[in-house]
Amino acid sequence: MTMKALVPVFAALGDETRWSILAALGEGDASASALAGRLPVSRQAIAKHLAVLQEVGLVEPVRVGREVRYRVIGAELTATARRLDAIGAEWDRRLTAIKEIAEGL
């Protein structure tokens, strides 16, 4: 996953309500109505947040009878976490190099 591909994901995750929705979906698939019953947000607002999360590939709709439930796409969250780990490792490498240079002076 390139940094450019991460920007929309981070923008989507930059909202506290969307974090709450992802956390709730982490406990199991749920409809917008069910999520609205658990979170202090209207069903219409939940639906808009779910659309944003779906657009960046973090959740997907699953039809169960006449109900549409949403589920987290774990592979996308894992790919995002791996990219962040890689960025962190690169910074650690750079900081170690700076420390070695500073200690050598």
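Taken together, the values in this text are just the output of simple stated rules run on the coordinates, not laboratory data. Please read these numbers as outputs of a predicted model, since none were measured by experiment. Here the Cβ positions follow ideal geometry from the backbone for every residue, glycine too, while neighbour counts run over all protein chains shown.
Need the full-extension length gain, Glu55 to Trp19, defined as separation in residues times 0.36 nm minus the C-alpha distance. One decimal, nm.
Residue separation times 0.36 nm, minus the Cα-Cα distance, leaves 11.4 nm.
Figure the gain on full extension for Ala81 and Val64 (residue separation times 0.36 nm, minus the Cα-Cα span) and round it to one decimal in nm.
That pair, Ala81 and Val64, stretches by 3.2 nm at full extension.
Of Val62, Leu39, Ala24, whose Cα points farthest to the positive end of the dipole of segment 3-104 (charges on the beta-carbon: +1 Lys, Arg; -1 Asp, Glu; origin at the Cα centre)?
Towards the positive end, the residue furthest out is Val62.
For the pair Phe10/Arg38, report the inter-label distance in nm, with labels modelled 7 Å from Cα in the Cβ direction.
The modelled label-to-label distance comes out at 2.8 nm.
With only Lys, Arg, Asp and Glu charged, each at its Cβ (+1 for the first two, -1 for the last two), find how big the charge dipole of the chain is about the Cα centre; round to the nearest 20 debye.
So the dipole magnitude of the chain works out to roughly 400 debye.
Match the structure shown to one of the listed values (1) 38, 35, 22; (2) 40, 27, 23; (3) 69, 24, 23 of Cα extents along the principal axes in Å, computed from it, and give that label.
After the calculation, the listed value that fits is (3).
Using alpha-carbon positions, what is the distance between the centroids of segment 44-86 and segment 1-40, in Å?
7
GNM, the chain, Cα, under 10 Å: largest mean-square fluctuation among Gly65, Gly26, Gly74?
Among Gly65, Gly26, Gly74, the largest GNM mean-square fluctuation belongs to Gly65.
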